[in-house]
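Every number in this text was worked out from the coordinates using simple rules, so none of it is lab data. Keep in mind it's a predicted model, so treat the numbers as computed, not measured. Using ideal geometry, Cβ is built from the backbone for each residue, glycine included, and neighbour counts are taken over all protein chains shown.
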Amino acid sequence: MIYPIVKFGDPVLEAKAAPVTEFDAALRKLLDDMFESMYAAHGVGLAAPQIGISRRIAVIDVTFKEDPKAKLVLINPEIIHTEGRISQNEGCLSIPEFRENVTRPKKVTVRAQNAKGEFFEHSGEELLPFGTGHGHRHCSPVSLGRQWSVAVSHLPAACQTSAREPFEGMLHDRALPGGGPGAHDARHPPP
């Protein structure tokens, strides 16, 4: 089943996602549906809140179907180690046509559970830190609005107004105290 992608402003994207506690056939079906939905939306990563399901689940395939072994399921993910810094242009399926340069760790190690509930650790470089960091953000209590606000606050003052314009209708004049799509992890502030 292909789920529609929830767009910026939906409350499910603002809430802390619930941990997964049952590892059953329904979860495996949801994971399959998440990969199918991600591919249909031309994404390389998708978190359950992005399809309206407030659960701590992210799926990633930085090869976009080229290498089935590269598919990564992260259930109840926690980033446990990071190294270095790298900037890269990043987008979000929940905010179509918006891209921003984002600084994330160059290397990341994540601890998560697989579809059977088994814990594992996975380390990666290049695109993986962006996928895991972004997916982790969607499952964390930091809202997209807060993340976006932090991203914009790092721009020069003259650029902040033009960066906000595409979102004015979505923000409904809300005060957003820090944060934006793909913004920096609070534990790892920008240099």
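Please give the per residue volume of the convex hull enclosing the alpha carbon atoms of the range 11-142, rounded to a whole number of Å³. Before the final figure, lay out the partial values.
Numbers: hull volume 13.6 nm³, N = 132.
In the range 11-142, the Cα convex hull volume per residue is 103 Å³.
In which sequence would Glu36, Glu22, Glu100 go, from the one with the fewest C-beta neighbours within 10 Å to the one with the most? If you can, show how the numbers build up before the last one.
On the way: Glu36 15, Glu22 7, Glu100 20.
With the sparsest Cβ surroundings first, the list reads Glu22, Glu36, Glu100.
Please rank Ser123, Ser37, fewest neighbouring Cβ atoms within 10 Å first, as an exposure proxy.
Values: Ser123 14, Ser37 20.
Ranked by crowding around the Cβ, least crowded first: Ser123, Ser37.
Quick one: if you stick a label point 7 Å off each Cα along the C-beta vector at Thr63 and Ala18, how many nm between them?
Label-label distance for Thr63 and Ala18, simple model: 3.5 nm.
If we count other beta carbons within 10 Å of each Cβ, what is the order of Val20, Val108, fewest first? Write out the running numbers ahead of the final one.
Numbers: Val20 18, Val108 25.
With the sparsest Cβ surroundings first, the list reads Val20, Val108.
Return the distance in nm (one decimal) between the two label points of a simple spin-label model at Lys116 and Lys7, each offset 7 Å from Cα along Cα→Cβ.
Result for the modelled spin labels: 4.2 nm.
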